[in-house]
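Q: Dropping the structure in here first, questions after.
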Amino acid sequence: MSVDTATVARIASLARIKVGEAELEAMVPELNGILAWVEQLGEVDVTGIEPMTAVIENHLRLRDDVIDADPLTGGGVRESVLANAPAAEHGFFGVPKVIE
Amino acid sequence: MTQLTDLGVAAIRDGVAGGQFTAVEVAEAFNANVAAAQAALNAFIVTTPDAAIEAARATDARRAAGQPLGKMGGVPIGMKDLFATRGVQTTAASHILEGFKPEYESTVSQKLWDAGAGMLGKLNMDQFAMGSSNETSYFGNVVSPWRRSDGGNAPLAPGGSSGGSSAAVSARLCPAATGTDTGGSIRQPAAFTGISGIKPTYGRCSRWGIVAFASSLDQAGPMARDVRDCAIMLEAMAGFDPKDATSLNLPVPEWEAGLNADLRGKKVGVPREYRMDGTDADVLASWDQGIEWLKDAGAEVIDISLPHTKYALPAYYIVAPAEASSNLARYDGVRYGLRDLPDGANLQEMYAATRAAGFGAEVKRRILIGTYVLSAGFYDAYYTQAQKVRTLIARDFKNAFAEVDVILAPTAPTAAFGLGDMVSDPLAMYLNDVFAVPASLAGLPAMSVPAGLNREGLPLGLQIVGKPFDEQGVLNAGLAIEGRAGFTAKPERWW
């Protein structure tokens, strides 16, 4: 399978990355080179093989159902949460208007 | 008197504890080396000399008060810029995180500070840990302190992604540094610069507070001058963390105390599929030499087969970009980091402009590959197939470990290459991780130790891969090689 300019433009849009025309043209052969190379995986017989889900067997834990059990990830830290926001306004994350 | 900056972790820890010198003297010596090398090597993105002095004063005060100093007491280290450090800029070497000062400390870095270590600064790296030469950093290339013996001054790659870490340790800017390894990012730079580095079993070190690249592969580990120093630092870094869902709930072994280079009764596997076309002759010769060293240490060497080896790298370049495209979706210009808001742009346009301005070319390339292989209609052909192949690769190792205790292989197919030599060909760059990636895909502990110099006077590394949880077996085989290689070469100071 190979990708064309329109496909790369669609992928870039899905990935929310603005890509200019020239950059798009340059990316097509690069991505096709990589995709052609990974294509060799198709020759591996995977009949009856389960896809890997965990490299080291482990079980998912549940934390205790306690509010603010870890103060760092609990509530009441609005200032910290907003400290690195490029546009924090009135205690919220500011974004461009999304409703007309 | 021996220069303090020639000392490693164990020597500094013991010297501070024994009163031969103070932790502050050590920190000052390394701070001076860091400052003197910054313009030429560019190993650090941010230096934190005051933090190093402050930690050293605390260690000296504890010693004066007769209190225990910790496993890393008095040892100043470099911190890869992938670890969140409270109040100190953490960027993953990206523009999109420039200026980001975390409000929290990563588990691994906190453990190191709790063990008495101090921070010399945040180390440069490949952007979001994507790269094998440290040429994708937004903050410029790291230059290896090594040069070829031909008298030329061609600047060489320190390896990647932990290229700031490898350059800094080999240039004696710090006795040890943290690294992270997703597909070889501790081992390959360690090999390129003549130092040691170990990636433990997946889950040994908490990923909490480490900027995520490919979560099923990312694992932190130490980079230092020798095997003992790696063992000490890994003890300080490892341990169960409830904040990481994949953290292993196991006690941390006393790896340093368990070091033993006597390999009698041990079996070492040599995988025949790793003898690939195009591998450098010097690399193959060092591998043969390594086999002899391990035999000399008492081990029995056995020819083994890992039949799916050639598929590891292509599987990795589906799985890792897929996870990266998902992990890096968080950089949206809203909650932290860069925002690019063109005039009149709506929210979607702001996302796209921010990510276009904030990510470098290699990061974009991998996000696009990842987005493509996860997209509707292609998911099964690419991603599911790659995860099935990954199961087969892990099974190859499991079968091999029914016969052998550890596996010996080269770390990388070449010695360090020149900066700029590979950047125009992403695939050629990816192939440099061909020997490192299989152990990553299987979550196994693996380390690189220096084996010698090639005909150009550049370091070569040997890699030891172990069973899950058997870091001790890996370290011990590494120690056996270290003792026989007698590697004392270091880059001659030109910076």
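The values are calculated or read from the model by the stated rules, or taken from the named source; none is laboratory data. Just so we're clear, the structure is a prediction, and the values are computed from it rather than from any experiment. Here the Cβ is made from the backbone with ideal geometry for all residues, glycine too, and neighbour counts use every protein chain on show.
Q: Return the only residue of B:ASP288, B:ASP282, B:ASP229 being at pLDDT 95 or above, buried (at least 21 other Cβ atoms within 10 Å of the Cβ) and assigned to a helix (DSSP H, G or I).
A: Every option except B:ASP229 fails the conditions.
Q: Also, I was wondering about something else. Can you tell me which of (1) buried (at least 24 other Cβ atoms within 10 Å of the Cβ); (2) in contact (Cβ under 8 Å) with a residue 60 or more places away in the chain; (3) under 21 Å from B:GLU362 (Cα atoms) is the one B:PRO145 doesn't meet?
A: With (1) buried (at least 24 other Cβ atoms within 10 Å of the Cβ); (2) in contact (Cβ under 8 Å) with a residue 60 or more places away in the chain; (3) under 21 Å from B:GLU362 (Cα atoms) applied to B:PRO145, the lone miss is (3).
Q: If I filter segment B:243-266 for residues that are more than 14 Å from chain A (Cβ to nearest Cβ) and either assigned to a helix (DSSP H, G or I) or touching a Pro at 6+ places or on another chain (Cβ under 8 Å) (or both), do I get at least one hit?
A: The answer is no; no qualifying residue exists.
Q: If you check B:GLY99 against the conditions, is it within 12 Å of chain A (Cβ to nearest Cβ) and either basic (Lys, Arg) or on the phi > 0 side of the Ramachandran plot (or both)?
A: yes
Q: Please work out if A:ALA69 is within 9 Å of another protein chain (Cβ to nearest Cβ), in a loop (DSSP other than H, G, I, E, B) and at pLDDT below 95.
A: Taking the combined requirement at face value, the residue does not satisfy it.
Q: Residues of segment B:195-216 being over 14 Å from A:ASN58 (Cβ atoms), in contact with a Leu (Cβ under 7 Å, 6 or more places away or on another chain) and assigned to a loop (DSSP other than H, G, I, E, B), which ones?
A: Of everything in segment B:195-216, those that are over 14 Å from A:ASN58 (Cβ atoms), in contact with a Leu (Cβ under 7 Å, 6 or more places away or on another chain) and assigned to a loop (DSSP other than H, G, I, E, B) turn out to be B:PRO200, B:VAL211.
Q: A further question on this structure: Restricted to segment B:339-351, and to residues that are within 7 Å of chain A (Cβ to nearest Cβ) and in a loop (DSSP other than H, G, I, E, B), which residue is surrounded by the most Cβ atoms within 10 Å (Cβ to Cβ)?
A: B:ARG339
Q: Are any of the residues in segment B:6-27 among the aliphatic types (A, V, I, L, M), surrounded by 20 or more Cβ atoms within 10 Å (Cβ to Cβ) and within 21 Å of B:MET125 (Cα to Cα)?
A: no
Q: Here's another thing I want to ask about it. Quick test for you: out of B:MET119, B:MET125, pick the one residue that is in a loop (DSSP other than H, G, I, E, B) and surrounded by 24 or more Cβ atoms within 10 Å (Cβ to Cβ).
A: B:MET125
Q: So, A:GLU39, is that one under 25 Å from the mean Cα position of the chain (by Cα), at pLDDT 90 or above and under 20 Å from B:ASP425 (Cβ atoms) or not?
A: Yes, satisfied.
Q: Checking the structure you have, find out if any residue of segment B:334-354 is within 22 Å of the chain's Cα centre (by Cα) and either charged (D, E, K, R) or modelled with pLDDT of 95 or more (or both).
A: no
Q: Same structure again: Run down B:GLY478, B:GLY473, B:GLY457, B:GLY483 and say which single residue is crowded, with 24+ Cβ neighbours inside 10 Å and either touching a strand residue (DSSP E or B) at 6+ places or on another chain (Cβ under 7 Å) or at pLDDT 95 or above (or both).
A: After ruling out the rest, the residue left standing is B:GLY478.
Q: Just to be sure I understand the filter: pairs with C-beta atoms under 8 Å, separated by 6 or more residues or on different chains, first member in segment B:274-287 and among the acidic types (Asp, Glu), second member assigned to a loop (DSSP other than H, G, I, E, B). Which pairs pass?
A: Here the result reads B:ASP280/B:PRO413; B:ASP280/B:THR414; B:ASP280/B:ALA415; B:ASP280/B:ASN454; B:ASP282/B:ALA415; B:ASP282/B:ASN454; B:ASP282/B:ARG455, each pair linking segment B:274-287 to a residue that is assigned to a loop (DSSP other than H, G, I, E, B).
Q: I've got another one for you. Answer with yes or no whether B:LYS101 is of a type in the set (D, E, K, R), part of a loop (DSSP other than H, G, I, E, B) and touching a residue at least 12 places away in the same chain (Cβ under 8 Å).
A: Considered against the rule, which asks whether it is of a type in the set (D, E, K, R), part of a loop (DSSP other than H, G, I, E, B) and touching a residue at least 12 places away in the same chain (Cβ under 8 Å), B:LYS101 comes out as yes.
Q: Might you let me know whether segment B:308-327 holds any residue that is at the interface with chain A (Cβ under 8 Å from one of its Cβ atoms), farther than 19 Å from B:ALA436 by Cα and either among the β-branched types (Val, Ile, Thr) or assigned to a helix (DSSP H, G or I) (or both)?
A: There is at least one residue in segment B:308-327 that is at the interface with chain A (Cβ under 8 Å from one of its Cβ atoms), farther than 19 Å from B:ALA436 by Cα and either among the β-branched types (Val, Ile, Thr) or assigned to a helix (DSSP H, G or I) (or both).
Q: Another question about this same structure. Quick one: which residue in A:GLU25, A:GLU21 is more than 9 Å from chain B (Cβ to nearest Cβ), closer than 23 Å to B:ARG339 by Cα and either of a type in the set (Asp, Glu) or in contact with a strand residue (DSSP E or B) (Cβ under 9 Å, 6 or more places away or on another chain) (or both)?
A: A:GLU21
Q: Checking the conditions here, which among B:ALA297, B:ALA322 is in contact (Cβ under 8 Å) with a residue 12 or more places away in the chain, in contact with a Lys or Arg (Cβ under 8 Å, 6 or more places away or on another chain) and surrounded by 15 or more Cβ atoms within 10 Å (Cβ to Cβ)?
A: The conditions single out B:ALA297.
Q: Can you confirm whether segment A:34-46 contains a residue that is surrounded by 12 or more Cβ atoms within 10 Å (Cβ to Cβ), at the interface with chain B (Cβ under 9 Å from one of its Cβ atoms) and not in a helix (DSSP H, G or I)?
A: Yes: segment A:34-46 contains one or more residues that are surrounded by 12 or more Cβ atoms within 10 Å (Cβ to Cβ), at the interface with chain B (Cβ under 9 Å from one of its Cβ atoms) and not in a helix (DSSP H, G or I).
Q: Would a scan of segment B:54-62 turn up a residue that is under 16 Å from B:ALA177 (Cα atoms), more than 18 Å from the chain's Cα centre (by Cα), surrounded by fewer than 24 Cβ atoms within 10 Å (Cβ to Cβ) and not aromatic (Phe, Trp, Tyr)?
A: Checked segment B:54-62: no residue is under 16 Å from B:ALA177 (Cα atoms), more than 18 Å from the chain's Cα centre (by Cα), surrounded by fewer than 24 Cβ atoms within 10 Å (Cβ to Cβ) and not aromatic (Phe, Trp, Tyr).
Q: Here's something else I'd like to know. Which numbered condition trips up A:SER80, out of (1) under 16 Å from B:TYR336 (Cβ atoms); (2) modelled with pLDDT of 95 or more; (3) at the interface with another protein chain (Cβ under 7 Å from one of its Cβ atoms)?
A: (2)
Q: Please specify each residue of segment A:1-13 satisfying the condition of being surrounded by 12 or more Cβ atoms within 10 Å (Cβ to Cβ), assigned to a helix (DSSP H, G or I) and of a type in the set (Gly, Ala, Ser).
A: A:ALA9, A:ALA12, A:SER13
Q: Quick one: is A:ARG16 more than 21 Å from the chain's Cα centre (by Cα) and either assigned to a loop (DSSP other than H, G, I, E, B) or on the phi < 0 side of the Ramachandran plot (or both)?
A: no
One line per residue, one yes/no per condition, for (1) under 18 Å from B:TYR317 (Cα atoms); (2) of a type in the set (D, E, K, R):
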| site | (1), (2) |
| --- | --- |
| A:LEU14 | no, no |
| A:GLU25 | no, yes |
| A:VAL28 | yes, no |
| A:LEU35 | yes, no |
| A:THR47 | no, no |
| A:ASN58 | no, no |
| A:LEU62 | no, no |
